[in-house]
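Asks: Before anything else, here's the structure in question.
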Amino acid sequence: MHATIPRPPGLPLLGNVDAIDQDVPFQSLHLLAQKYGEIYELEMFGTKRVVINSQALMSEVSDEKRFSKKIAENSTQLRNAAGDGLFTARLPEEKNWYIAHNLLMPLFKPDKICDLADDMMDIVSQLVLKWQRLGPDAIIDTAADISRVTLDIVCLCAMSYRLNSFYRESVHPFAVAMADFLLESTKRGARAPAVQNLMVAENKKYEALMKTLFATTDDILAQRRALSTDKQDILGTLMYGKDKETGQGLPEKTIQYNLLTFLIAGHETTSGMLVFALYYLLTHPEAMRKLQEEIDTTLGGRLFTTKDLNTMPYLIAVMRETLRLAPTAPARTVAPFEDTVIGGKYFIAKGESIIVNTYDCQRDRKVWGEDAEEFKPERMLDGKYDAMPRQAWQAFGYGERACIGGAFAWQEAQIALVTIFQQFDLAMADPKYQLAVKQTLSIKPANFFIRATPRKDKPRLFAVPSINKGYPTA
Ligand code: HEM
């Protein structure tokens with residue numbers, strides 16, 4: 001006998017549509033997890049999905065012999081801009097994924113990412129100079145400025161293309177279009193097709209957003225062609241690389257899909273991580289003090305270089321703990337190859353969607369203890385991270401379809417956090433700020449404003465010297 005998977009009461013025909021707040025779906029999943037525990041199911045327009053909320057189940061569905069990534073309803077909408085790009089490709093049928101994956105994997109190895117450090121520092125220094133010149137009285141829109149950093153970094157590092165977001169008064173129109181596109185895609189994923197067809201004005205707006213997105217990739221491609229360079233960055237590799245096994249390259253449309261994939265997957269997630277890290281540190285002054293002390297002791301007043309990557313244990317613990325409590329990609333979807341049973345008692349039919357609610361799985365009290373909801377970088381120190389149960393920390397996903405950009409984000413976050421805390425003492429603009437979370441595809445703190453006071457005796461950033469001292473091998 002299989003156990004019944006609990007399901008919240010629903011509406012006739014529509015099912016549990018009203019159980020999910022389409023503006024912040026992860027929060028609805030979280031509330032339901034608190035009510036129903038390790039597993040529950042939702043039914044929307046006749047389609048069932050199971051949501052899992054414990055480390056044990058997350059670990060079980062990470063078995064790639066039994067389960068694989070499924071392009072869920074909101075990701076289906078993302079395909080309008082990201083098509084058979086890496087993030088949204090359907091396997092095994094969409095063969096361009098294998099070509100792009102094989103071509104790009106070598107570029108995402110840590111030693112290759114190390115070569116991008118100067119470009120990352122170039123953009124981070126633009127943020128530093130802006131905050132220095134604004135001075136301690138300025139109220140900074142943290143998410144807006146950090147998104148400028150991460151979007152410009154992914155453009156410069158992956159495509160040698162400068163968006164110059166720090167030279168504009170308002171957020172770059174491409175970034176606005178992308179955020180609106182992601183938000184609307186999530187909402188479309190939850191609507192019945194018949195209802196969607198009737199929403200003529202929304203559909204027109206959505207088409208216009210996609211036009212803006214593709215106009216940017218057209219421009220990036222045209223600029224690169226005009227340069228007639230053989231630069232082997234991500235863009236050059238997508239445009240001219242040939243798969244070693246098949247000798248095949250990628251069609252133009254798939255190149256565009258992948259560019260948009262990198263712009264989408266490569267900026268909001270990292271920006272959310274950095275803003276959450278700043279939020280957690282500012283609300284935990286002792287953790288912030290320890291981090292600043294570690295940075296000052298390690299660097300002794302010089303700039304961070306690639307030799308310093310992964311050498312500051314407290315910094316790494318802060319980053320891991322931030323992504324445990326706030327995995328900025330808060331859920332992923334898998335499906336079993338065959339009818340199966342999970343947790344020893346829950347029946348799941350072949351192909352049925354299982355939403356891995358990473359946000360709740362990483363707060364499992366059985367793994368992290370009664371203080372699982374608290375921000376405590378210490379729980380990641382002194383070998384404790386390595387000693388935790390299998391698959392308890394999955395902020396970058398798992399297996400073949402795990403994040404290709406993990407090392408990229410890890411390096412970028414270290415450069416940004418170290419440089420910010422070396423250069424500034426930060427404070428919340430509103431000391432009574434209560435965390436509110438905004439969700440597009442990923443999550444980040446909303447309306448989180450800070451002040452940045454330049455520190456004395458910091459190294460000065462007039463121009464950007466090379467920080468690349470080679471990838472540390474020890
Ligand atoms: C803190 C930052 C980041 C987080 C938390 C994150 C998280 C994730 C997760 C959870 C997945 C798997 C999604 C799934 O299974 O459906 C994923 C996939 C992916 N990520 Fe990231 N990511 C981050 C940064 C980046 C960066 C910087 C890039 C690129 C420069 C990137 C590019 C991608 C791509 C292309 C995929 C799809 C991989 C495939 O299926 O082949 N991500 N990411």
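The values are calculated or read from the model by the stated rules, or taken from the named source; none is laboratory data. These numbers come from a predicted model, not from an experiment. Methodologically, a virtual Cβ is constructed for each residue, glycine included, from the backbone with ideal geometry; neighbour enumeration extends over all protein chains shown. All accessible areas refer to the heavy atoms of the entire protein, side chains included, with ligands and DNA or RNA removed. Shrake-Rupley method; radii C 1.70, N 1.55, O 1.52, S 1.80 Å.
Asks: Give me the net charge of LEU315's neighbourhood, meaning all other residues with Cβ under 14 Å from the Cβ of LEU315; Lys, Arg count +1, Asp, Glu -1.
Replies: -4
Asks: Using alpha carbon centroids, what distance separates region 407-453 and region 202-267, in Å?
Replies: The distance from the Cα centre of region 407-453 to that of region 202-267 comes to 30 Å.
Asks: To continue, here is another question. Let a ≥ b ≥ c be the square roots of the eigenvalues of the Cα gyration tensor of region 96-199; is it rounded (a/c under 1.5), or, if not, prolate (a/b larger than b/c) or oblate?
Replies: oblate
Asks: Per residue, how much accessible area does region 181-308 show when a 1.4 Å probe rolls over the protein heavy atoms, in square angstrom?
Replies: Accessible area per residue, region 181-308: 46 Å².
Asks: May I ask you to list the GluC sites (Glu not before Pro) in region 60-114 that are in a DSSP loop and have at most 11 other Cβ atoms within 10 Å of their Cβ?
Replies: Taking region 60-114 and a limit of 11 other Cβ atoms within 10 Å, the loop GluC sites (Glu not before Pro) found are GLU93.
Asks: By the scheme Lys and Arg +1, Asp and Glu -1, what is the net charge of all other residues having a beta-carbon under 15 Å from that of LEU182?
Replies: Taking every Cβ under 15 Å from that of LEU182, the sum is 0.
Asks: Please work out whether region 169-283 counts as rounded, prolate or oblate from its C-alpha gyration tensor, where a ≥ b ≥ c are the square roots of the eigenvalues and a/c under 1.5 means rounded, while otherwise a/b larger than b/c means prolate and anything else oblate?
Replies: oblate
Asks: Using unit Cβ charges (K, R positive; D, E negative) and no other charged atoms, how large, in debye to the nearest 20, is the dipole of the chain about its Cα centre?
Replies: 280 debye
Asks: How do the peptides 432-439, 299-306, 37-44 rank, highest first, by the average count of neighbouring beta carbon atoms within 10 Å per residue?
Replies: Packing order, densest peptide first, comes out as 37-44, 299-306, 432-439.
Asks: With a ≥ b ≥ c the root eigenvalues of the C-alpha gyration tensor of region 199-248, is it rounded (a/c under 1.5), prolate (a/b larger than b/c) or oblate?
Replies: Oblate, because a/c is 1.5 or more while a/b does not exceed b/c.
Asks: Taking K and R as +1 and D and E as -1, what net charge do the other residues with C-beta under 10 Å from the C-beta of LEU381 add up to?
Replies: With Lys, Arg at +1 and Asp, Glu at -1, the neighbours total +1.
Asks: Among PHE396, PHE174, MET239, whose Cα projects farthest towards the positive end of the dipole of the chain, with charges put on the beta-carbon of Lys, Arg (+1) and Asp, Glu (-1)?
Replies: The listed residue farthest towards the positive side: MET239.
Asks: A further question on this structure: Choose one of GLY470, TYR40, LEU163: the residue whose Cα lies farthest towards the positive end of the charge dipole of the chain (beta-carbon charges +1 Lys, Arg; -1 Asp, Glu; about the Cα centre).
Replies: After comparing all options, I get LEU163.
Asks: Please list, short to long, the whole-number percent of alpha-carbon pairs of the chain in consecutive 10 angstrom bins beginning at zero.
Replies: That works out to 4, 19, 30, 28, 15, 4, 0, in percent per bin.
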